[in-house]
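Enquirer: One structure coming up, written as structure tokens, with questions to follow.
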Amino acid sequence: MAKLARIGVSLDSDLLEQFDRVISRKSYDNRSEAIRDLIREQLLGVQIDQNKIVVGTLTVVYDHHRPNLTEKLVEAQHQLGDKVLSAMHVHLDHHNCLEIIVIKGRSRDLHDFANGILSLRGVNYGQLVVTSAGKHSQ
Ligand code: NI
């Protein structure tokens with residue numbers, strides 16, 4: 001485990017009160033973990049901006065009766081190749097399928113892939129969530 005460093009932060013008491021209210025709603029036990037998560041979120045934002053390797057989950061709900069749509073979704077995943085780590089398919093009802101695709105690669109490639117899929121007709125809902133690929137991502 002990495003060595004711990006302690007820091008002191010001075011801030012407006014109003015700001016601290018608001019922060020404490022927010023983190024208590026989010027069920028944090030203490031401020032330290034909440035602040036660590038804020039820092040991680042900032043660092044992830046930098047990784048995304050700098051087009052580093054990140055991991056994403058693309059969740060889509062689509063109408064599988066739409067002509068050629070299933071083929072287009074499969075084709076897009078084949079084009080991304082080994083950047084697709086896994087995919088899960090759920091038949092929600094007679095018309096709708098849910099697919100969760102786990103992808104890893106440069107943030108721009110993942111966003112391009114997601115935008116390509118989300119803009120297809122018949123893909124009715126969808127969202128890309130990008131997160132850190134871990135300590136050794138570059
Ligand atoms: Ni299905």
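Enquirer: With a Förster radius of 41 Å, plug the Cβ-Cβ distance of ARG121 and GLU41 into 1/(1 + (r/R0)^6) and report the FRET value to the nearest 0.05.
Expert: Efficiency, rounded to the nearest 0.05: 0.75.
Enquirer: Take the Cα coordinates of the chain, assign each an equal point scatterer, and use the Debye formula without solvent to give log10 I(q)/I(0) at q = 0.12 Å⁻¹.
Expert: -0.65
Enquirer: With springs only between Cα atoms under 10 Å, which of SER27, SER86, SER107 fluctuates most in a Gaussian network model of the chain?
Expert: SER27
Enquirer: Relative to the Cα centre, what is the charge dipole magnitude of the chain, using +1 at the beta carbon of each Lys and Arg, -1 at the beta carbon of each Asp and Glu, and rounding to the nearest 20 debye?
Expert: Once rounded to the nearest 20, the dipole reads 420 debye.
Enquirer: Which ordering of ILE103, ILE48, ILE39 is given by a fewest-first count of other beta-carbon atoms within 10 Å?
Expert: ILE39, ILE48, ILE103
Enquirer: Which pairs break 30 Å Cα to Cα here: LYS26/LYS83; LYS3/LYS52; LYS26/LYS135?
Expert: Distance filter (> 30 Å) returns LYS26/LYS83.
Enquirer: Which FRET efficiency value, to the nearest 0.05, is calculated for SER24 and LYS3 with the Förster distance at 35 angstrom and r the Cβ-Cβ distance?
Expert: The value I calculate is 0.75.
Enquirer: Ignoring everything except DSSP H segments at least 4 long, calculate the 222 nm mean residue ellipticity for the chain; use -39,500 (n - 2.57) per segment, divide by total residues, nearest 500.
Expert: -13000 deg cm²/dmol
Enquirer: Then there is this: Which ordering of ARG21, ARG6 is given by a fewest-first count of other beta-carbon atoms within 10 Å?
Expert: Ordered by Cβ neighbours within 10 Å, fewest first: ARG6, ARG21.
Laboratory data are not the source of any read-out in this text; all were calculated from the coordinates shown. As the structure is a computational prediction, the values presented were derived from the model and not from experiment. FYI the Cβ positions are ideal-geometry reconstructions off the backbone, even for glycines, and counts take in every protein chain you see.
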